[in-house]
Structure formats: structure tokens, C-alpha cells
Amino acid sequence: MSSITPLLQPIRPSRHFHVIDEGQINQLANGTLEILAETGVHCPSEKCLRIYADHGAQVDFAKQIVRIKPDLAAASLSTAPRYYTMGARSPAHDINLDGTGLFCATDGCGVETIDFETRIRRPSRKDDIARMARIADHLTSIGFYWPIVTASDHPSTSPLHELDASFNNTVKHVQSETVMGRDLARHAIEMARVIAKDRETMRKRPPLSLLVCCIAPLGQDREGMESALMFAEAGLPVGFMSMANVGSTGPATLAGTVVAGDAEIVSAMVLIQMAHPGAPVFHSFMPGIMHPRTGAYQATAWEGTLLYPIGVEMAHHWGVPTLAGIFATDGQVPGWQTAGDAASSLMLCALAGAETGSGLGLVESCKLLYPEELLLDSDIYHRIRTEAAGIDTSREALALDVIKEIGPRSHFLKHRHTRDHTRRRTLSDLTSQPNPSGGMRDPIEVAREKVDWILREHHPEPLEEIQQKELTRILEAADREIGGGK
């Protein structure tokens, strides 16, 4: 028996603000344009190089370097839509990127999981993606789903098996960050058409989108860019992420890393608009900071959290939506650090006006899944959602008549106003849970129990039988063509 998927609860801030001023935004943007015009980016795809050249960019085919003048970059980006819809299998769960709310996704591409039953650490597999998709489907904090870990049991065609596990276990929008290369892209687009049922619907309400990582510093990935071109041609949203690392693959200053990473992203978005004007694109800046003693990537160094909302500012400067960095943690297990790393980046990005963000559910710098971490992150999400919404200051909320009626040195417990408004209050279902033996229960223990309850009780609306068969057919064809199976 299927369950009803709860409606989404995006973060809708009562107000927005700039984390840096307009002058600084312009300085960063002018730096991006200067790097694109004078230094350029490396693009190892002959197909992409020819598109750049045909549209007026300066291309050195021998060195595979593309330089883009400011006027050309601006003209190309002018065709990119500022607002669009990321569709879902269920129309009630479509995401309208209209600038009024922040919709969040799970983190993705982890490679290991703590086993749901044995609690032993092991390589992740397709069934883990399916289980977590069901949990994400139940959570109102999750607006869309990234396959949260890798299907290592299907190595050659894992991105397609990740999509299959996702589409079969959530009615929400799915975004892939692993479909790279023309062969995988062709099959993934066919899977999206099966979910949408026809090509027109796939363009109007695309059920699948793609995120492509750039290669820092100042490089593009051939397989990723060629996948992006195919997705854009099919009408599916594509975004580009820079993960430049301050001090190693980016300069040792925050501003320098913003410029270098932004140049990577802008060069890719320009290409898509040259090839397919009006194609939906998005900008994603998720850098790290190099640890000065070990050289390790740190997702949540103190000052590094500021880089995520600055990425939001840059996306909006270029006139496109953003996928913001939220919740990434360097913590090793669910606990104090994972909670502390999450809250500030989510609040800053929400108040800066981010349309989407990803990062819930993984630890160890996005490598390891603890199933309960998604529940813990969801709890923090709803805390931020409530705080960002501000407070009601209507006459009813000010309660002036009630205060006058009760007067000094009494209490408000008996008043109808108290009963009515207390019933409307939403509280955490993880924290402040009484322990029968006294005190309060450990929220991590409660989260583990809730994971078990969701997997036992929540069963999203299944795909139609014909859709299931079509996805299976596509997977079998891909396994034969790409994986060398029979």
C-alpha cells in the first residue's frame, strides 16, 4: 500500500539581505570577466571548442584554451532564464524557482555507509540509495533528491542505477551529479522522458536535472560538458559547480578563490547559452579551504562558511538561480560538530535568497552516510525555516486584549488564546523527548528509530508498471552497451 508524500516546506525568509555590498559584488564579477578575457579556461572537448569559436570566443585549439570577452559573456548569459520550474513525478511537489523560497536536497555521491541493520561501515550500494530516497520522500525538508551515495554494486553504469533507485522511491525531483559522458547522458534523458511520459512535459516540468563539476583551477570536464549540452538540448536544467580549494586549487584568499571558481562556472553557462539559448542553467559555488598543516580539504573552516552565500550573490549577479552549499560537514560522526557546521551556512544562504541548496545527510566531508544524519539535519532545517520566517506582529499575535484581560501577577494558561496558539506550535520530534527512566532521550537514538519507522511505514506512490518496465529496459541496454554485459 502506498503512502501520501507530505507537501514540501521550503524556507521562506521574511526578508533578504546581501552578505557583501554591491560594490564588492561588482569587483568580484569584474575580476571574473578579466580572467575569462585574458587568461581563459581549459576545455578538452572538441565539440565545445567549436561552439565557442562559432559564437565569437577566442579559441586556441592546440592548447584547448578559451577566452571570452566581457561583452560576449554578457550577451550569452542574457538569454539564461532567471526563473523556471524543476518538475517532479508528483505535480504537487514541483519546485518553482521564483526567488521566494529555498528548497533543499540531500547531499550526494558518498561512497560508504553505516549499514542500516549491522551498523558496520561498508561500501555503498544501490539499495542504500533506494532506502534513503524513501526517507527523503517522507521528509518535508527535502525538496528534491540527490542519489545520496554511489551504487558501487553497478560500477560501469552506476549513475543510471542511481537514477532508477531514485525514481522508483520518491515522487520528488531528482538531480544527478554523476551522469557524465554522452552514452550515460543519452540513457538518463530517456529515463527522464519515461518519468515525464512525453517530451513536451519533460521540457515544461523536467523531472531530472544535472550538476556538472568544473575542474579547478580554470578547467572544464570533457565528459561533463558534453553531458550538459545533451541535457540542455532536451530541456533539462543543468548547473555547474566549482569546488576550488582556498590555498591549493584556488588562491590563498577568499576573494581570489571566488573569482577563479566563478570564472569556471560562468564559462560553462556561457557555452550552454551559446549552443541552446534560453536553456535553464544554475550556478553552484561550493569551495573548501585547505588545512595549512595537512593539505586536507575542509568544507567548514570558520571563514569558509561565508563563501557559500557569496556564491549565491554571484549567481544572482549573473541572472541565474543558485544551488547553494549547505550542511557540508567535516565531522566524523553525527554529533556536536555536524550540527554546528550546518546551521550558519543554511541561514546565511536562505537570507541571501538562495533558490536551492544541497548537503543534508552525509559526514566526513560528504563521503560517509549515517542514515540518521538526514533526520538530524532535517531537524536543523526546520529550526532555520522557523527562524527565517520571522514573527507575526498582527493585533491577534500581539495579544494586547489578552494581556489587558489577564493583568498583572496572574497567568495565561487558562485563556482560550493560549490554547489556540499553543496547538499551532510545531516542536521538534527528535529533541526533548521524555525518557521513561527520567530525563530526556538522546536525539540521535530517536533519529535512528525514526529512520526505521519511515522505512517500515512510508511507501511512496509507485511508478506505473509500464514505466518500471521501460526503466528496466533502458538499464539493461545500458549495461550491455556501457558495462559490457549480455
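Amide H contacts under 5 Å for Tyr84: Leu97, restricted to partners 5 or more places along the chain or on a different chain, H placed in the peptide plane at 1.01 Å from N. Proximity of backbone amide H atoms, modeled 1.01 Å from N, is registered between Thr356 and Phe103, Thr322, Ala324 at under 5 Å, excluding neighbours fewer than 5 places apart on the same chain. The amide H of Gly250, built 1.01 Å from its N in the peptide plane, has Asn245 as neighbours under 5 Å, considering only residues 5 or more places off or on other chains.
Here's the picture: charge each Lys and Arg Cβ at +1 and each Asp and Glu Cβ at -1 in the range 374-462, and of Thr393, Ile444, Leu427 the one pushed furthest to the positive end of that dipole is Thr393. Note on Lys172: lysines with a C-alpha under 17 Å away, same-chain residues under 8 apart excluded, are Lys197, Lys204. Beta-bridge orientation, the chain: approximately 35 percent antiparallel, per DSSP, counting only bridges with both partners inside. Ordering of 3-16, 237-250 by packing is 237-250, 3-16, highest average first (other Cβ atoms within 10 Å, averaged per residue).
For the range 395-453, a crude dipole built from +1 on the beta carbon of Lys and Arg and -1 on the beta carbon of Asp and Glu, taken about the Cα centre, is about 380 debye to the nearest 20. The phi torsions of the range 423-435, fed into the Karplus equation with coefficients 6.51, -1.76 and 1.60 and a -60° offset, translate into couplings of 5, 7, 6, 9, 10, 4, 9, 10, 9, 6, 8, x, 9 Hz, rounded to whole numbers, with Gly and Pro shown as x. Compactness of the range 206-316 was expressed as the Cα radius of gyration divided by 2.2 N^0.38 Å, which yields 1.09. Among the GluC sites (Glu not before Pro) found in the range 65-164, those both in a DSSP coil and sparsely packed, with 13 or fewer other Cβ atoms within 10 Å of their Cβ, are Glu117. Kirkwood radius, the chain, all distinct C-alpha pairs, inverse of mean reciprocal distance: 23.4 Å.
Our summary gives the chain a relative contact order of 19 percent, counting only alpha carbon pairs under 8 angstrom and 6 or more residues apart. Toward the positive end of the charge dipole of the chain, with +1 on the Cβ of Lys and Arg and -1 on the Cβ of Asp and Glu, the farthest Cα among Leu455, Tyr381, His417 is that of His417.
Residue by residue, the range 383-394 carries 3J(HN,Hα) couplings of 4, 5, 4, 5, 5, 5, 6, x, 10, 7, 10, 5 Hz when phi is fed to the Karplus relation 6.51 cos²θ - 1.76 cosθ + 1.60 (θ = phi - 60°); x denotes Gly or Pro.
Using the charge dipole of the range 84-388 (Lys, Arg: +1 at Cβ; Asp, Glu: -1 at Cβ; taken about the Cα centre), state which of Gly278, Ser124, Met347 has its Cα farthest towards the positive end. Ranked along the dipole, the leading option is Gly278.
Summing charges over neighbours of Gly331, with a neighbour being any other residue whose Cβ is under 10 Å away from its Cβ, gives -4 when K and R count +1 and D and E count -1.
Remark: relative contact order (the range 267-357) = 27 percent; criterion is Cα-Cα distance under 8 angstrom and separation of 6 or more residues.
Straight-line cross-link partners of Lys69 among the lysines, defined as a Cα under 23 Å from its Cα and at least 8 positions apart when in the same chain: Lys47. In this Cβ point-charge picture (+1 for Lys and Arg, -1 for Asp and Glu), the chain has a dipole of about 940 debye about its Cα centre. The calculated P(r) of the range 395-453, using every Cα pair and 10 Å bins from 0, goes 18, 31, 21, 23, 7 in percent.
Other residues within the sphere of radius under 15 Å centred on the Cβ of Ala196, judged by their own Cβ, net out at +2 (K and R +1, D and E -1).
We did not get these values from a lab; they are worked out from the coordinates using the rules stated. Note that the coordinates shown come from a computational prediction; the quantities given were computed from them, not determined experimentally. Cβ sites come from the backbone with ideal geometry, for glycine too, and all protein chains shown count toward neighbours.
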